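Written out below as structure tokens is the structure these notes cover.
The values are calculated or read from the model by the stated rules, or taken from the named source; none is laboratory data. None of the values given here were measured: they were computed from a predicted structure. Virtual Cβ from ideal backbone geometry, glycine too; neighbours counted across all protein chains shown. The accessibility values were calculated without ligands, DNA or RNA, using every heavy atom of the protein model including side chains. Shrake-Rupley method; radii C 1.70, N 1.55, O 1.52, S 1.80 Å.
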Amino acid sequence: MAPSGIILEPNEKVILATRPLFLWEPLVIIDILLLVLALYFTSTQPTLMVLFLAVFVLLTIWLVVQWIPWSARWYVLTDRRVITKRGVLNRTQAALLLDRVQDASISHPFPLSMLRDYGVLHLESAGEHAQERLEGGTHELAMTGSTKFYQALTDAQTPN
């Protein structure tokens with residue numbers, strides 16, 4: 001199933017869709033802990049309550065501001081193309097045909113590679129200005145599930 005807003009060609013099938021890495025879960029746990037601490041210190045130490053509440057509010061705002069653009073960013077592999085989608089208000093979709101991909105490699109930077117199979121997919125493509133079409137001038141896609149994406153990409157490029 002394609003993420004919402006992805007424009008597919010007729011009879012084009014989505015093989016895999018993934019996103020960049022955003023470790024929001026531990027931050028949400030810390031945020032909840034800050035709220036619990038603020039409530040705990042409400043009657044005993046109002047200064048600590050205000051401090052924990054202020055940090056809670058700031059972290060909540062930061063999380064929302066970071067989460068909104070992350071939730072709109074996708075890397076999609078179809079049976080014909082590699083598609084990137086980004087943007088909340090100004091939406092951009094760029095695609096690279098699989099038959100234009102001349103070389104694909106993957107790197108796993110330590111220690112992030114240990115989290116959700118984070119990696120950077122490097123694509124080299126044929127044609128003039130082909131690199132600019134994908135990801136605003138870069139041909140490196142930093143994503144979670146990178147090994148699975150790379151394997152699916154190489155399988156899609158290999159003739160049956």
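Here E12 qualifies as charged (D, E, K, R) and in a loop (DSSP other than H, G, I, E, B).
Mind listing just one residue for me: the one in region 44-53 that is in a helix (DSSP H, G or I) and surrounded by fewer than 17 Cβ atoms within 10 Å (Cβ to Cβ) and, of those, nearest to the chain's Cα centre (by Cα)? Filtering region 44-53 for residues that are in a helix (DSSP H, G or I) and surrounded by fewer than 17 Cβ atoms within 10 Å (Cβ to Cβ), the one nearest to the chain's Cα centre (by Cα) comes out as L51. Tell me yes or no: at least one residue of region 24-43 is in a loop (DSSP other than H, G, I, E, B), under 14 Å from the mean Cα position of the chain (by Cα) and surrounded by fewer than 13 Cβ atoms within 10 Å (Cβ to Cβ). The answer is no, given that none of the residues of region 24-43 is in a loop (DSSP other than H, G, I, E, B), under 14 Å from the mean Cα position of the chain (by Cα) and surrounded by fewer than 13 Cβ atoms within 10 Å (Cβ to Cβ). Report, by residue number, each residue of region 54-73 that is outside any helix (DSSP H, G or I) and of a type in the set (A, V, I, L, M, F, W, C). The answer is A72, and nothing else.
Only residues that are in contact with a His (Cβ under 9 Å, 6 or more places away or on another chain) and either over 18 Å from E140 (Cβ atoms) or loosely packed, with under 15 Cβ neighbours inside 10 Å (or both): list them for region 106-127, please. Of everything in region 106-127, those that are in contact with a His (Cβ under 9 Å, 6 or more places away or on another chain) and either over 18 Å from E140 (Cβ atoms) or loosely packed, with under 15 Cβ neighbours inside 10 Å (or both) turn out to be S107, M114, E124.
Reported count of residues in region 95-105, each being open to solvent by less than 50 Å² (accessible area, probe 1.4 Å) and either part of a loop (DSSP other than H, G, I, E, B) or within 15 Å of A156 (Cβ to Cβ) (or both), is 5. Search region 61-94 for residues being crowded, with 16+ Cβ neighbours inside 10 Å and among the polar types (S, T, N, Q), and hand back the single one that is farthest from A152 (Cα to Cα). That would be T84. Pairs linking a residue in region 74-94 that is assigned to a loop (DSSP other than H, G, I, E, B) to a residue that is crowded, with 20+ Cβ neighbours inside 10 Å, with Cβ atoms under 8 Å and 6 or more positions apart or on different chains, are R91/K85.
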